[in-house]
Amino acid sequence: MTLFFFFVAAVVAHADAMRASPPEDADPAVYFTLQHRAQAEELYKSWRQEHAGEEHMLIRYGLRADRSEQFVEIVAEASGLPPSDPVEFVLISEMSGHDYEALAISHALPSDIHAAMEFIGMKPGTPFNPQALRFLPKGERVFITFHWTDEDGLAHSYHAEELVMNARTGTHLEKNGFVFVGSQWLDEDDNRVYAADMYGPQAIVSLYNEPTTVFDVPRAVSQGEVYGFLAPYPERQAPFGQFLRIRFTPEYTDGRQRIADVTLAIRPGTDEAPVFLTLTDTRGEALHDGHALHQIVSALSRISEQGQTPYLTLDLHDDAPVNEIRDLLRLLQSFQKEQTLHIEPPQTGDLFYRAFVPPDIHRDRAQRPTQALELRMERENDAFTARVVEIEDIRARREDPFEPEITEYDVATPSALAETLAEIDHRLPVLLVFVPSDTPYGAMMEWVRPVMDTHHMIHVFLE
């Protein structure tokens with residue numbers, strides 16, 4: 001693996017030299033653009049004549065869409081990446097400039113491809129957006145296939161995933177399709193613009209979670225996780241400048257959908273069963289109603305077995321005990337890691353599920369990589385008091401024994417908490433909340449909600 005990294009680094013530095021090249025007497029930019037633009041224009045004229053008057057067809061420059069046959073087809077050209085080059089995109093727009101790390105360049109605009117997908121009946125999903133706590137793209141899937149005929153007249157057809165090799169495994173990517181997230185529409189100078197048309201990397205099909213791409217991978221993966229580990233699959237690459245037809249086909253054409261939106265309500269239960277669980281679908285019909293957690297798991301598993309992916313919204317009742325919520329979310333997080341379900345961003349005023357399953361390292365002050373403020377809540381009868389704890393690590397060297405300087409601030413009310421945190425003006429927007437394990441969720445949130453706008457990362461620890 002180490003040799004692979006060194007080789008990739010060397011190749012990237014000399015990518016222009018190693019890339020299959022246009023004729024020696026041709027300007028690469030002119031060759032890249034003009035030769036295939038003329039071919040794309042001829043095909044555009046041909047399609048308009050062929051499908052004139054057909055309402056089930058949409059023709060735009062560089063693409064055609066067939067509502068009856070359920071496909072979108074675009075024309076593109078191959079970048080001719082050598083097998084040793086890193087690859088981050090399957091397809092980019094013509095103005096992207098990222099052809100050094102993309103398999104193909106589209107003649108069709110990203111926004112036109114978006115419009116074509118809607119024309120055949122697909123609805124755009126929701127792109128990756130960490131600021132909105134969406135760490136996974138959401139939407140229906142499409143299969144993407146590449147088609148071309150080489151100079152010897154031999155036809156080639158591959159799924160997009162078959163053109164990308166995972167250096168860790170030596171195999172191509174799994175053919176799971178891509179998520180139609182639909183990039184982002186942005187307001188700029190009183191105009192509504194399509195992000196993938198205007199802003200880098202102008203990706204149409206990305207191999208990592210990219211906020212502005214049109215199609216994303218159906219899993220959580222960062223740019224750093226793929227760079228240097230994904231490369232063009234040897235012997236499956238079209239040569240530089242090869243004219244391509246790329247087809248987008250919905251995963252399901254029989255009315256089914258991949259996305260299954262469900263809501264899990266967590267309510268207070270009885271002494272024998274502390275929580276009551278209700279799982280409902282988008283119609284409000286109960287898929288499960290009761291105390292048994294294993295039945296919730298069974299209901300979610302049945303959804304997965306039908307070829308769908310549950311997207312779970314949590315509905316946390318104020319009277320539900322925090323420890324029961326924590327135990328349930330620990331289990332659900334294991335399914336999230338296995339990609340068998342996805343937990344949605346929180347409802348307004350609620351905590352993200354990860355707040356209840358923080359890294360254990362943050363509980364021990366001596367083990368923390370940096371010191372965040374602590375909010376320590378204590379129960380007195382049915383009322384809660386709180387204090388903010390500021391810890392400063394005053395060691396001269398990291399390897400010395402942990403030596404904290406501690407300052408505590410008593411806080412009388414939830415509204416006073418925001419004022420106290422503002423006065424401390426700590427450098428980190430992180431708050432470590434320590435509460436008695438049987439604290440009602442609403443009692444904890446009465447203190448936490450007023451500071452969620454300033455402290456975006458909350459970790460809850462039970463005592």
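The values are calculated or read from the model by the stated rules, or taken from the named source; none is laboratory data. Note that the structure is predicted; figures quoted are calculated from it, not measured. All Cβ positions, glycine included, derive from the backbone under ideal geometry; neighbour counts span all protein chains shown.
Tabulated data for the structure shown
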quantity	calculated
Residue match in segment 225-245 (condition: assigned by TED's automatic domain parsing to the domain that holds R37, among the polar types (S, T, N, Q) and over 20 Å from the mean Cα position of the chain (by Cα))	yes
Residue that is under 30 Å from G255 (Cβ atoms) and either assigned by TED's automatic domain parsing to the domain that holds S96 or modelled with pLDDT of 50 or more (or both), where the choices are R37, R64, R48	R64
Index of the failed condition, I144 passing every other in (1) over 17 Å from the mean Cα position of the chain (by Cα); (2) of a type in the set (A, V, I, L, M); (3) outside any strand (DSSP E or B)	(3)
Where T313 falls short, out of the listed (1) under 26 Å from E140 (Cα atoms); (2) free of Cβ contacts under 8 Å to residues at least 60 places away in the same chain; (3) in contact with a Pro (Cβ under 7 Å, 6 or more places away or on another chain)	(3)
Strands (runs of 3 or more DSSP E) wholly inside segment 376-460 that include at least 2 residues being modelled with pLDDT under 95	383-393, 404-411
Any hit, segment 199-218, residues being over 22 Å from S96 (Cα atoms) and in a loop (DSSP other than H, G, I, E, B)	yes
Of residues in segment 158-195 being of a type in the set (A, V, I, L, M, F, W, C) and under 19 Å from L136 (Cβ atoms), the one surrounded by the most Cβ atoms within 10 Å (Cβ to Cβ)	V179
Residue selected from segment 339-356 under the condition without any contact (Cβ under 8 Å) to a residue 60 or more places away in the chain and among the hydrophobic types (A, V, I, L, M, F, W, C), by the criterion nearest to V297 (Cα to Cα)	L341
Answer residue from segment 264-315, given it is closer than 14 Å to L328 by Cα and β-branched (V, I, T) and is nearest to the chain's Cα centre (by Cα) among those	T313
Pairs with Cβ under 8 Å, 6+ apart, first in segment 165-178 and on the phi < 0 side of the Ramachandran plot, second among the polar types (S, T, N, Q) and surrounded by fewer than 16 Cβ atoms within 10 Å (Cβ to Cβ)	M165/T171
So A76, is it in contact with a Ser or Thr (Cβ under 6 Å, 6 or more places away or on another chain), small (G, A, S) and within 26 Å of A220 (Cα to Cα)	no
Residue identified as assigned by TED's automatic domain parsing to the domain that holds L332 and in contact with a Ser or Thr (Cβ under 8 Å, 6 or more places away or on another chain) among T212, T270, T313, T282	T313
Total residues in segment 89-123, condition surrounded by fewer than 20 Cβ atoms within 10 Å (Cβ to Cβ) and touching a Ser or Thr at 6+ places or on another chain (Cβ under 8 Å)	1
Tally, over segment 336-356, of residues that are surrounded by 15 or more Cβ atoms within 10 Å (Cβ to Cβ) and of a type outside the set (A, V, I, L, M, F, W, C)	9
Among the candidates E174, E188, E162, residue that is within 16 Å of L103 (Cβ to Cβ), in the same structural domain as F89 (by TED's automatic domain parsing) and of a type in the set (D, E, K, R)	E162
Every pair of residues 6+ apart whose Cβ atoms lie under 6 Å, when the first sits in segment 250-261 and is closer than 14 Å to R67 by Cα while the second is assigned to a strand (DSSP E or B)	P250/V142
Which numbered condition Q333 misses (of (1) assigned to a loop (DSSP other than H, G, I, E, B); (2) surrounded by fewer than 17 Cβ atoms within 10 Å (Cβ to Cβ))	(1)
Test: residue in segment 438-460 that is in contact with a Lys or Arg (Cβ under 8 Å, 6 or more places away or on another chain) and either surrounded by fewer than 17 Cβ atoms within 10 Å (Cβ to Cβ) or aromatic (F, W, Y) (or both)	no
Neighbours by Cβ (under 6 Å, 6+ apart or cross-chain): first from segment 45-69, part of a helix (DSSP H, G or I) and of a type in the set (D, E, K, R); second surrounded by 12 or more Cβ atoms within 10 Å (Cβ to Cβ) and at pLDDT 95 or above	R48/I59
Boolean, A292 is small (G, A, S), on the phi < 0 side of the Ramachandran plot and modelled with pLDDT of 90 or more	no
Single unsatisfied condition, L81 versus (1) under 17 Å from V214 (Cα atoms); (2) aliphatic (A, V, I, L, M); (3) modelled with pLDDT under 95	(1)
Contacts under 8 angstrom Cβ, first residue in segment 94-122 being closer than 30 Å to G255 by Cβ, partner at pLDDT below 95 and assigned to a loop (DSSP other than H, G, I, E, B), 6 or more apart	S106/E94
Yes/no for A116 being assigned to a helix (DSSP H, G or I), assigned by TED's automatic domain parsing to the domain that holds G170 and not acidic (D, E)	yes
